[in-house]
1. Rounded to the nearest 20 Debye, what is the dipole magnitude of the chain about its Cα centre when Lys and Arg each give +1 and Asp and Glu each give -1 at the C-beta?
2. Out of the DSSP beta bridges found with both residues in the chain, what percent are antiparallel (nearest 5)?
3. Per-residue HN-Hα couplings for the range 40-47, Karplus 6.51 cos²θ - 1.76 cosθ + 1.60 at θ = phi - 60°, whole Hz, x for Gly and Pro?
4. Using only the Cα atoms of the chain, each taken as one equal point scatterer with no solvent, compute I(q) by the Debye sum, divide by I(0), and report log10 of the ratio at q = 0.17 Å⁻¹.
5. Please tell me the relative contact order of the chain in percent, rounded to the nearest whole number, where contacts are Cα pairs under 8 Å and at least six residues apart.
6. For the range 56-140, go through all pairs of different Cα atoms, get the mean of 1/r, take its inverse, and jot down that Kirkwood value in Å.
7. Beyond 18 Å, what share of the Cα-Cα pairs of the range 74-186 remains, rounded to the nearest whole percent?
8. For the range 24-63, what does the convex hull of the Cα positions come to per residue, in cubic angstrom?
Amino acid sequence: MTQETALTPDVLREARERAAELIRCGFQEPDEIAESLIEVLDDQGLTPEEAERIVAPLWSARLAEQATWPRVTDVDRLADAFDALEDQGVVAAMDFTCCAGCGYAEIGGEAEEDSSGFVFFHQQDTESAAAGQGLMLRYGVFRSDGEPAEVSERRTAGIGRVVVGALEAADLPVEWDGSPHTAIRVAPLEWLNRLPE
């Protein structure tokens, strides 16, 4: 039996597509996805109850799909690479903030006293990866005041090499030209990220 809805077919389709996209990303809980839908579509009449009804069957379908996935996915290998980077003193953050600007502005808050640098991908990067476009990684060093630009660039490229090494050790395909000004791309990448338990 289908639920009655006051939403137009276009709004309902948009809500379902956005929910499916966020579920494919694999980082948010069902209630967080419902909240995201409401933030975007509450002015179109989407209620919290309706958002939950949209998310629930899509979530269940994704859980069923997961049963057919390989034991180790590309995203599992990516998580292993990020864990290895953390062990090497590199702050490694997955699905961190909404965009690159916010990521660079906020990554310092994740640093420890002995952190040598950082790598992250943000939510828009996650969505691109989930859509089959590969994954872009941002990286860098935590600068000390007065550090000359050329020293910073050398150190940044060094972090880039460490990140590439960890990705390759995890058997992931990497594209990077060695420049401290170029993001590292992981592609091709099959984005199979298990839903939070």
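We did not get these values from a lab; they are worked out from the coordinates using the rules stated. The model shown is predicted, which means the values in this text are computed figures rather than measured ones. Every residue, glycine among them, receives a Cβ derived from its backbone with ideal geometry; neighbour counts consider all protein chains shown.
1. Values: 15 positive and 40 negative charges, 139 e Å.
Roughly 660 debye for the chain.
2. Details: 8 of 12 bridges.
Here the share of antiparallel DSSP bridges comes out near 65 percent.
3. 8, 10, 5, 6, 9, x, 6, 9
4. With no solvent term, the Cα-only Debye profile gives -1.09.
5. 23 percent
6. Final number for the Kirkwood radius of the range 56-140 is 14.2 Å.
7. When every Cα pair of the range 74-186 is considered, 46 percent fall beyond 18 Å.
8. Expressed per residue, the convex hull around the Cα atoms of the range 24-63 is 62 Å³.
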